[in-house]
Amino acid sequence: MTFNSFTFVLFFLVVLGLYQLPLPWRTRKGILLCSSYLFYAAWNPPFVGLLVVSTVVDWVAGKRIYASSGTPRRAWLVLSLCTNLGILAYFKYSPFLLQSFAGLAAGVGIVFEPATAGIVLPIGISFYTFQTLSYSIDIYRKRLSPATSFLDYALFVTFFPQLVAGPIVRASEFLPQCLQPKRADGCQIGWGFILLTLGLFQKTILADHLFAPVADAIYREPERVSFATAWLGTLAFSGQIFFDFAGYSSCAIGAALCLGFVLPDNFRYPYAAIGFSDFWRRWHISLSSWLRDYLYIPLGGNRHGRFNQAGSLMLTMLIGGLWHGASWTFVVWGGLHGLYLVAERIAKATVGHLALWRHHAMQIALALLTFLLVTMTWVFFRAPDFTSASLFLQAMFGGAEQMSPVGPQAYVALAAVCMTLVFQWKMRQSSIEEVTERLPRWTVALCIGLLLVIMAITHQEETRGFIYFQF
């Protein structure tokens, strides 16, 4: 079930009602845990077993890591890493590795045709794998003590609002919230439902109805794109992927808040970023901070000179790209962001001290340049293969001569992208919470009611899944 379905609305209202009953705290946490397993089983019941395996292995490994020293301690960490990464590699990367090997064999004249694996990708496996890995690694680094309750730890792994697409929550953020009884008050429930409404509006209206049809129509025929349509389609996808994923994150944070739990922010107006370091501090924050803490810094981080720093950045972003999808197009997407980050650091070291960059007009220009360069990378994220991506990039840089017609919705989407940039620039130092607090309550209620009416009018029986569910 997805947030943008009536099934989830009914499910969530039932869970919320049961959770609010005057029951012992342990029983109420048990209700959340059973609800989380039911939520995940709605996609594919057998894959609940993978959640259970990951939960039990890391629960035991965490305890043994904490109690051991020397070689046994490292062995338990290796067990946790191999179990989680092994499951992820098998289900997500087996077909990719076989196809890549077949391509290499063909390059040296060897014909190798691997059998079709027929492996179904468990939804959200990349998210909960990173979440459980952080638990074991933090205990190994002595930054975290193991959970004292298996129920609390299992709920941390499976908590349904953020289970399948994040935010990627750290144990140090979630487990302390399980210690004392929680029951959301009226303000928390009210704000939670506001976030749910805003998230659903971003997903169903902006991502699905406004941007997705334009991006799908243009990317469906890469051989027919012109300069204008290539940019229109890619800009539309930039809007689609932001509102799709930011919408999910808002829904997850809102649903959790209705239950009394606080999840970390995942987006802070990334299309108003000034530079690529700033972009990754604003886009998919839980992933970028995970990659920084568990990959970039262990690889050397900012230590050991600029050359090693550049290598650590590139490797981190390449792995981050591969995390998003088992395809070389995602690796290129990550590699481009790595190149952007390296180039930005070189530029800051050479000309970053100039007062010119602090002028307001130059800040706006840098933000627009950042957005356009990020938009170019979305070509590799959206295109199904390198052939399609190359056709789009050629067209975007004037290499296509034919002109393909576009409908009025494409220009509406373009106007919406422009409005999004202006809005995010105005909000880059603020938050929706701060703005809402300054408004009269009747104004907020009227706006939320209007969004609900718009969603009800435009509702369709068939709903699109969230883009990040495939990761």
Task: Around G190: net Lys/Arg minus Asp/Glu count, Cβ-Cβ under 15 Å - done: -1
Open item on the list: Based only on other Cβ atoms within 10 Å, what is the fewest-to-most ordering of Y294, Y90?
Closed with: Y90, Y294
Task: Spin-label zone in segment 308-350 - amide nitrogen under 18 Å from a point set 7 Å from the Cα of L98 along the C-beta vector - done: 326-328
TODO: Mind giving me the nanometre distance, one decimal, between the label points for V9 and I346, set 7 Å out from Cα along Cα→Cβ?
DONE: 5.4
Open item on the list: Suppose a student asked you for the relative contact order of the chain, using Cα pairs under 8 Å spaced at least 6 residues apart; what percent would you report?
Closed with: 18
Task: Where GluC sites (Glu not before Pro) in DSSP loops with at most 16 other Cβ within 10 Å are excluded, longest remaining stretch of the chain - done: 1-400
Open item on the list: Under the rule that an exposed site lies in a DSSP loop and has at most 14 other Cβ atoms within 10 Å, name the longest stretch of the chain with no trypsin sites (Lys or Arg not before Pro) of that kind, not counting the sites themselves.
Closed with: 304-471
TODO: Please name which of G301, L10, T420 has its Cα lying farthest along the dipole of the chain towards the positive end, using unit charges on Cβ (Lys, Arg +1; Asp, Glu -1) and the Cα centre as origin.
DONE: G301
Task: Unit charges on C-beta of K, R, D, E only; dipole of the chain, Debye - done: 1600
- [ ] Take the Cβ-Cβ distance between R74 and L368 as r, set R0 to 41 Å, and report the resulting FRET efficiency rounded to the nearest 0.05.
- [x] 0.25
Task: Projected label distance in nm at L151 and R224, using a 7 Å step from Cα toward the beta-carbon - done: 5.9
Task: Structure-derived mean projected area of the Cα convex hull in nm²: which label, when the choices are [x] 22.4; [y] 26.1; [z] 32.1 - done: [y]
Task: Estimated FRET transfer efficiency when R0 is 45 angstrom, pair N44-S277 (beta carbons, to 0.05) - done: 0.70
Open item on the list: Sort V14, V332 by Cβ crowding within 10 Å, fewest neighbours at the top.
Closed with: V14, V332
TODO: Using just the helices of the chain, give the 222 nm mean residue ellipticity in deg cm²/dmol: DSSP H runs with n ≥ 4 each add -39,500 (n - 2.57), and the total is spread over all residues, rounded to 500.
DONE: -21000 deg cm²/dmol
Task: Net charge contributed by nearby residues that have their C-beta within less than 10 Å of S172 (K/R +1, D/E -1) - done: 0
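Values in this text are rule-based calculations from the coordinates and carry no lab data. Bear in mind the structure is a predicted one, so any value in this text is a computation, not a measurement. Backbone-built Cβ (ideal geometry, glycine too); neighbour counts: all protein chains shown.
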